Amino acid sequence: MQTFQSLLAKKLSDALRAAGLPAAAGELTPASDPRFGDYQTNAALVLAKQRGENPRVLAAKIVAQIEAGDLCESPAVAGAGFINFTLRPGAVAEKTMELSRGGRLGVAEVKSSRRIVIDFGSPNVAKPMHVGHIRSTVLGDALARIAQFLGHEVIRDNHLGDWGTQFGMVIYGWKNLLDRQALQRNLLAEIVRIYKETNQQAASDPKIREACRQELIKLQADDRENVDIWKQCVAFSMQDFERVYKLLDVHYDLQCGESFYHDRLPDVVERLLKSGVGEISEGAVVVFFRDNPELADKPLIVRKRDGGFNYATTDLATVDYRINDLKADAIWYVVGAPQILHFRQIFDIARREGYTADLRHITFGSILGEDRKLMKTRSGENVPLRDLLEEACKRARKIIEEKNPHLSEDEKTDIAQKIGIGAVKYADLSQYRMTDYVFSWDKMLSLQGNTAPYLQNAYVRIRSIFRKAGESAIATPLWDVDTQADHEETGHRPVATTLTLADSAEINLAKRMCQFAEIVPQVLNDFRPNILANYLFEVANSFHTFYEACPVLKSEEPARSSRLILCDLAARVLKQGLDLLGIKVPEKM
Ligand code: ARG
């Protein structure tokens with residue numbers, strides 16, 4: 001299905017050609033102010049500047065060549081030389097029906113599908129996942145869902161920090177400080193405790209520091225006992241992570257942590273030395289970036305003087321595995337901004353080694369507490385992610401108890417989870433990823449404003465219209481989104497009515513629905529799910545305006561059927577859109 005944006009862009013380029021002008025000039029975008037129409041282009045402005053002509057005169061020349069047909073009113077020249085397009089209600093009605101019949105709400109699959117490895121979440125073993133991991137996990141998951149929906153082949157990879165110097169301390173602590181009873185009560189908490197305590201002791205006592213180093217060397221030399229302890233720690237941490245993933249409804253295709261690459265590290269270094277990318281410097285193997293001004297003074301050690309390898313060495317092995325073994329065309333790293341330098345170095349080396357895949361570091365800002373400092377517990381610790389998610393569900397449940405006390409216990413639990421988890425995810429995804437944001441329970445759980453509960457509530461309202469009307473109110477099999485796939489071609493979604501759009505609130509809502517297909521692909525341009533979130537907020541707003549202005553069940557035919565189709569479509573857009581953000585909708589709340 002073609003979007004309005006692409007149809008108009010085609011009309012524009014035809015007109016430019018007919019006027020003897022370059023067909024790809026300027027951009028065609030949604031209008032910034034609805035008073036001036038639905039879409040606008042700056043083509044005349046761009047061309048006028050290039051050619052030293054008057055932009056308004058040029059705009060008029062282009063407009064004269066546009067064959068608007070049934071699609072839009074005759075375009076208008078505005079301001080300094082913008083050209084504005086206003087869609088005809090008939091075209092909107094037709095496109096809306098087309099959307100209603102198809103299973104993908106108009107979203108086309110990409111023409112060239114890529115295999116994309118998405119590295120996200122990637123917490124460290126023997127440390128609990130904390131709120132800082134929310135952004136990577138939630139953002140990575142949303143990007144994976146969207147890329148997949150657009151037809152890419154996505155491999156979700158959890159690059160766990162399950163190897164490294166922290167294990168010297170964990171193993172020392174395990175042997176000397178472990179409280180078996182505490183371990184039984186809370187596995188991860190006890191592992192974290194022994195790690196922290198050892199860390200403290202080692203800071204002031206060089207003997208303990210040395211003992212930890214020895215434990216690490218033994219682990220790396222495959223000492224049975226130490227390998228056993230390490231394995232248990234990894235398994236315990238994984239149990240904790242899995243619970244969080246279940247709550248978040250996040251899954252991975254691969255969990256190749258750092259340990260997976262352990263055996264490959266010597267080869268990485270050999271390869272770098274052989275190709276000349278790496279060199280020996282003061283006993284270590286180092287990569288210099290002499291041709292890259294940004295990195296010229298930031299060499300990278302890939303093998304230390306004592307023979308040990310670094311985090312970066314592992315990442316070089318990881319690039320190779322993902323490209324050569326997994327055959328990735330692109331790798332997206334959803335990792336916080338403190339690692340910008342690290343990934344610049346990795347990507348520079350990968351390029352010099354001849355890897356051509358598209359490597360992207362997708363960074364994000366921090367989550368702040370209400371005091372605008374990095375979010376911490378009262379005692380100054382990182383807030384464990386699981387506690388936070390459980391609290392979200394608890395708070396959501398209180399809201400439901402007040403709003404709808406007659407629901408069954410099971411329903412309340414289910415709805416509370418959808419709302420609580422949805423609120424946390426949405427608070428994150430509705431922000432531009434680079435901005436720091438303040439974590440506020442009251443704001444994210446509010447039923448008003450740009451929040452998940454507000455969007456979920458809009459969906460629930462529509463569902464209740466259909467419960468009142470009876471599901472057979474329209475001839476479309478509406479609610480089984482899962483079975484809707486591919487019906488576009490086979491035409492299995494019979495629709496009895498055509499759409500009559502009269503009220504401006506109806507037309508506006510329908511236009512919004514038509515934008516879904518324009519918005520979704522845009523998210524991947526700069527990895528910005530907030531574009532989709534903010535669009536969904538506008539859908540909910542347009543729906544509420546429509547619902548206040550236009551009675552649905554009490555109106556006469558043909559308005560009644562038309563409005564039901566609009567309601568159905570609004571619900572589907574909200575449900576599908578939220579699903580792409582990893583957020584579920586309840587049927588009641
Ligand atoms: N475990 C790392 C951390 O928590 C993140 C790993 C990111 N992925 C990667 N391939 N380096 O900081």
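Kindly express, to the nearest 10 degrees and within the range 0 to 90, the angle between helix 187-204's C-alpha long axis and the longest C-alpha principal axis of the chain.
Roughly 50 degrees, rounded to the nearest 10.
Angle between the Cα long axis of helix 4-18 and the longest principal axis of the chain, 0 to 90 degrees, nearest 10?
On a 0 to 90 degree scale, this one is about 70.
Using only the alpha-carbon atoms, how far is helix 452-469 inclined from the longest principal axis of the chain? Give it as 0 to 90 degrees, nearest 10.
50
Using a cut-off of 12 Å between alpha-carbon atoms, which aspartates and glutamates can reach LYS584, once sequence neighbours fewer than 8 places away in the same chain are excluded?
Partners found: ASP249, ASP414.
Let me have the relative contact order for segment 1-88, percent, based on Cα pairs under 8 Å that are six or more residues apart.
The normalised contact order for segment 1-88 reaches 28 percent.
I need the shape label for segment 262-316. Rule: rounded when a/c is under 1.5, else prolate if a/b > b/c, else oblate, with a, b, c from the alpha carbon gyration tensor.
Prolate, since a/c reaches 1.5 and a/b exceeds b/c.
Can you give me the pair-distance distribution of segment 88-214, C-alpha pairs, 10 Å bins, whole percents?
Per 10 Å bin, starting at zero, the Cα-Cα P(r) for segment 88-214 comes out as 11, 24, 21, 16, 12, 8, 6, 2, 0 percent.
Using only the Cα atoms of segment 1-63, what do you get for the radius of gyration and for Dmax, in Å?
Cα radius of gyration and Dmax of segment 1-63 are 11.7, 38 Å respectively.
About the Cα centre, and with charges only on the beta carbon of Lys, Arg (+1) and Asp, Glu (-1), how big is the dipole of segment 1-154? Nearest 20 debye, please.
I would put it at about 300 debye.
Over 19 Å between Cα atoms, which of LYS196/LYS376; LYS231/LYS376; LYS175/LYS231; LYS196/LYS425 qualify?
Checking Cα-Cα distances, LYS231/LYS376; LYS196/LYS425 exceed 19 Å.
Might you work out the accessible area of GLU557 for me, using a 1.4 Å probe with all protein chains in place, and round it to the nearest 10 Å²?
100
Which value, in Å², gives the accessible area per residue of the chain when a 1.4 Å probe is used on the protein heavy atoms?
46
Under a Cβ-only charge scheme (Lys and Arg +1, Asp and Glu -1), can you give me the dipole magnitude of the chain about the Cα centre, in debye to the nearest 20?
My answer is approximately 820 debye.
Ignoring any ligand, DNA or RNA, what whole percent of the accessible area of the chain comes from carbon and sulfur when the probe is 1.4 angstrom?
49
Can you work out D for segment 21-147 in µm² s⁻¹ from Stokes-Einstein, where Rh is the Kirkwood radius over C-alpha pairs, the temperature is 37 °C and the viscosity is 0.692 mPa s?
My calculation gives 175 µm²/s for D.
For segment 93-109, what does the Karplus curve 6.51 cos²θ - 1.76 cosθ + 1.60, with θ = phi - 60°, yield as ³J(HN,Hα) per residue in whole Hz, taken in order and with x for Gly and Pro?
Calculated HN-Hα couplings, in order: 4, 5, 5, 5, 5, 4, 4, 5, 6, x, x, 10, 6, x, 7, 7, 7 Hz.
Rounded to a whole number of µm²/s, how large is the Stokes-Einstein D of segment 489-589 at 20 °C and 1.002 mPa s, given Rh as the Kirkwood radius over C-alpha pairs?
Translational D for this selection: 146 µm²/s.
Going by average Cβ density within 10 Å per residue, which order do the peptides 455-462, 444-451 take, highest to lowest?
Most protected by this proxy first, the peptides run 455-462, 444-451.
Take the alpha carbon gyration tensor of segment 198-356, find the square roots of its eigenvalues, order them as a ≥ b ≥ c, and report rounded if a/c is under 1.5; if not, report prolate when a/b exceeds b/c, else oblate.
Note, shape of segment 198-356 comes out oblate.
Kirkwood-based Rg over Rh for the chain (C-alpha set), two decimals?
So for the chain, dividing Rg by the Kirkwood Rh gives 1.03.
For segment 205-215, what does the Karplus curve 6.51 cos²θ - 1.76 cosθ + 1.60, with θ = phi - 60°, yield as ³J(HN,Hα) per residue in whole Hz, taken in order and with x for Gly and Pro?
Each residue's phi maps through the Karplus curve to give 10, x, 5, 5, 4, 5, 4, 5, 4, 5, 4 Hz.
Can you tell me the FRET efficiency between ALA18 and ASP249 if r is taken as the Cβ-Cβ distance and R0 is 60 Å, rounded to the nearest 0.05?
That gives a FRET efficiency of 0.70.
When a/c is below 1.5 the answer is rounded, else prolate if a/b is larger than b/c, else oblate, so apply that to segment 92-141 with a ≥ b ≥ c taken from the square roots of the Cα gyration tensor eigenvalues.
Judged from the Cα gyration tensor, segment 92-141 comes out prolate (a/c at least 1.5, a/b above b/c).
Between LEU447 and SER275, what FRET efficiency follows from the Cβ-Cβ distance if R0 is 56 Å, with the result rounded to 0.05?
0.40
Taking the mean number of other Cβ atoms within 10 Å as a proxy for protection, how do you rank 417-424, 259-266, 113-120 from highest to lowest?
Descending mean neighbour count gives 417-424, 113-120, 259-266.
I need the calculated FRET efficiency for the pair SER74 and SER464, taking r as the beta carbon distance and R₀ as 35 Å, to the nearest 0.05.
The calculated FRET efficiency here is 0.25.
Would you kindly derive the ³J(HN,Hα) couplings of segment 441-448 from the backbone phi angles with the Karplus curve 6.51 cos²θ - 1.76 cosθ + 1.60 (θ = phi - 60°), listing them in order in whole Hz, with x for Gly and Pro?
Per residue, the Karplus-derived 3J(HN,Hα) values read 4, 4, 5, 6, 9, 5, 7, 10 Hz.
Run the numbers on the chain and let me know its relative contact order in percent, using alpha-carbon pairs under 8 Å that are six or more apart.
16
For segment 299-378, report the translational diffusion coefficient in µm²/s to the nearest whole number, using Stokes-Einstein at 20 °C, 1.002 mPa s, and a Kirkwood Rh over Cα pairs.
147
The values are calculated or read from the model by the stated rules, or taken from the named source; none is laboratory data. Nothing here was measured: the structure is a model prediction, and the numbers come from that model. A quick note on method: Cβ atoms are made from the backbone with ideal geometry, for glycine too, and the neighbour counts reach across all protein chains shown. Quick note on the areas: whole protein, heavy atoms, side chains included, nothing else; ligands and nucleic acids left out. Shrake-Rupley method; radii C 1.70, N 1.55, O 1.52, S 1.80 Å.
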